[in-house]
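Written out below as structure tokens is the structure these notes cover.
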There are 2 protein chains.
Amino acid sequence: MNMKTKLLTSAEQLFDQHGFMATSMDQLTKAAEMSSRTLYKHAGDKNGLIQAVLMERDRRFLQIIDVKSIDDLFEALQSWAETEGTRGCLFLRAYGETGGETPEIAKTVMAHKAAFHAQIAGILKTELGANDPNLELLTEQILILIEGSTAAAIYRGAEAFKSAHKAASALIAQAIK
Amino acid sequence: MNMKTKLLTSAEQLFDQHGFMATSMDQLTKAAEMSSRTLYKHAGDKNGLIQAVLMERDRRFLQIIDVKSIDDLFEALQSWAETEGTRGCLFLRAYGETGGETPEIAKTVMAHKAAFHAQIAGILKTELGANDPNLELLTEQILILIEGSTAAAIYRGAEAFKSAHKAASALIAQAIK
DNA sequence: ACAGATGTAAAACGATCGTTTTACATCTGT
DNA sequence: ACAGATGTAAAACGATCGTTTTACATCTGT
């Protein structure tokens, strides 16, 4: 594993487990097993590191939700939650910790959420046809169900995705009928 | 307004707007217009202040969701979001910023979420009858829809509650039918 | 009237923060 | 072969952190 990958991997874990602001550059350099000089050469500064971690996670996440049906989408997200843990959406956490006031981070978060929304819209379009009148509403509802599962899973466990999945199926069935 | 109230009010605003860790005790004393000695006498330490803010918000929140129908619940939450802003759930944000590793805060957050869940369950019980077989599932689905709206509203605005409301109504109608 | 509670302003505490610098070693491509 | 890139270890930067202390003033209930 090259140094950049090692840095991003260990940083993502620390940020996710302890929070962004609560994780010090010292902890980050130790976890990445590199000198602070090297870390700064790769990441620029702490906000740059946060942004790089989020961009890498965005890449991985979009890969995971690159499926063809809403059923597969919920399955993929539930198993992701089961293996990676349920600590909430890392993007919204970064946004919240910085009050949305760090432009590079806010921008990365918003771009991620736009891509997330677009992916759901795309799946629904192939599932219901491009001119289903409920497309927009259903897209936002599925989005909300996923955001909600991600949040609720923090205190109710990854099974929250199952309840959300059933809700999504019911809403879609009703739209098709 | 007495000092404790002033402290909790201004602290809640700062925490919500800029994040918990990103808000310094110096900013908090200035916003509360009191000396740090007085702040510490009232709050103990920073974690104590965070906990006190959350407990006060819990009180206010439970008051707001003290309604008799799911319709009223969504109406109340949407207008709360419209007036107070959409920065996500302050409880989950506090939990996330501390990695769930600050016991006093984690405990306060979990107690709040349990009360929140119980309130939804109570409303649904009066709406569907105590022995409706879908009570548990529906309760978690409504919970997820609300958590999801709260999160999604950060980047899609408070109208997210409308989409969630419609989803909730559809799920309930289907359960009654 | 006066003791105890409650407050202020300001300095100081040691610790830690993010970041840079210094001095040096080792890889790597031509 | 050797220049430039890439790395380490450790000290140091000034700034800021949460918290406590000092010295003093004013309110409040008996």
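Here, each number is a calculation from the coordinates, and none is a lab measurement. No experiment lies behind these values; they were computed from the predicted model shown. Methodologically, a virtual Cβ is constructed for each residue, glycine included, from the backbone with ideal geometry; neighbour enumeration extends over all protein chains shown.
For the range B:167-177, which positions are more than 7 Å from chain A (Cβ to nearest Cβ) and closer than 15 Å to A:Ala168 by Cβ?
Narrowing the range B:167-177 to residues more than 7 Å from chain A (Cβ to nearest Cβ): B:168-169, B:172-173, B:175-177.
B:Ala168, the sole residue that qualifies.
Looking only at the range A:17-65, which residues are more than 11 Å from DNA strand D (Cβ to nearest atom) and hydroxyl-bearing (Ser, Thr, Tyr)?
Answer for the range A:17-65, where residues must be more than 11 Å from DNA strand D (Cβ to nearest atom) and hydroxyl-bearing (Ser, Thr, Tyr): A:Thr23, A:Ser24.
State all residues of the range A:34-46 that are of a type in the set (S, T, N, Q) and in a helix (DSSP H, G or I); if no residue qualifies, say none.
Initial filter on the range A:34-46 (of a type in the set (S, T, N, Q)): A:35-36, A:38.
Selection gives A:Ser36, A:Thr38.
I'd like to verify a number: residues in the range B:116-135 that are within 12 Å of chain A (Cβ to nearest Cβ) and within 23 Å of the chain's Cα centre (by Cα), how many? Give the steps one after another, and end with the answer.
The initial filter retains those residues of the range B:116-135 that are within 12 Å of chain A (Cβ to nearest Cβ), namely B:116-117, B:120, B:134.
Now narrow it down to the ones that are within 23 Å of the chain's Cα centre (by Cα): B:116-117, B:120.
Looking only at that region, the number is 3.
Here are some conditions: (1) part of a helix (DSSP H, G or I); (2) within 14 Å of chain B (Cβ to nearest Cβ); (3) free of Cβ contacts under 8 Å to residues at least 60 places away in the same chain; (4) within 16 Å of DNA strand C (Cβ to nearest atom). A:Ala94 meets all but one. Which one does it not meet?
Unmet for A:Ala94, out of (1) part of a helix (DSSP H, G or I); (2) within 14 Å of chain B (Cβ to nearest Cβ); (3) free of Cβ contacts under 8 Å to residues at least 60 places away in the same chain; (4) within 16 Å of DNA strand C (Cβ to nearest atom): (3).
Among the numbered conditions (1) surrounded by 19 or more Cβ atoms within 10 Å (Cβ to Cβ); (2) more than 12 Å from DNA strand D (Cβ to nearest atom); (3) within 19 Å of B:Ala106 (Cβ to Cβ), tell me where B:Leu8 comes up short.
Failed condition: (3).
Exactly one condition in (1) more than 19 Å from B:Gly99 (Cα to Cα); (2) surrounded by 16 or more Cβ atoms within 10 Å (Cβ to Cβ) is false for A:Leu28; which is it?
For A:Leu28, the exception is condition (1).
Being without any contact (Cβ under 8 Å) to a residue 40 or more places away in the chain and either hydrophobic (A, V, I, L, M, F, W, C) or touching a Cys at 6+ places or on another chain (Cβ under 7 Å) (or both) is the filter here, so list the residues in the range B:132-159 that pass it.
Listed by number, the residues that qualify are B:Leu135, B:Leu137, B:Leu138, B:Leu143, B:Ile144, B:Leu145, B:Ala152.
Quick one: which of B:Leu77, B:Leu49, B:Leu73 is in a helix (DSSP H, G or I) and within 16 Å of DNA strand C (Cβ to nearest atom)?
Details: B:Leu77 fails: within 16 Å of DNA strand C (Cβ to nearest atom); B:Leu73 fails: within 16 Å of DNA strand C (Cβ to nearest atom).
None of the others qualify; the one that does is B:Leu49.
Filter the range A:137-160 for residues that are more than 7 Å from chain B (Cβ to nearest Cβ), of a type in the set (Gly, Ala, Ser) and surrounded by 24 or more Cβ atoms within 10 Å (Cβ to Cβ) and give the result.
A:Ala153
Checking B:Lys68 against (1) in a helix (DSSP H, G or I); (2) within 30 Å of B:Ser169 (Cβ to Cβ), which test does it fail?
Result: B:Lys68 passes all but (1).
To keep it simple, each residue is scored yes or no on (1) away from DNA strand C (no atom under 14 Å from the Cβ); (2) within 14 Å of chain A (Cβ to nearest Cβ); (3) surrounded by 15 or more Cβ atoms within 10 Å (Cβ to Cβ); (4) among the hydroxyl-bearing types (Ser, Thr, Tyr).
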residue: B:Asn2; (1), (2), (3), (4): no, no, no, no
residue: B:Glu12; (1), (2), (3), (4): yes, yes, yes, no
residue: B:Ala22; (1), (2), (3), (4): no, yes, yes, no
residue: B:Glu33; (1), (2), (3), (4): no, no, no, no
residue: B:Leu39; (1), (2), (3), (4): no, no, yes, no
residue: B:Asp45; (1), (2), (3), (4): no, no, no, no
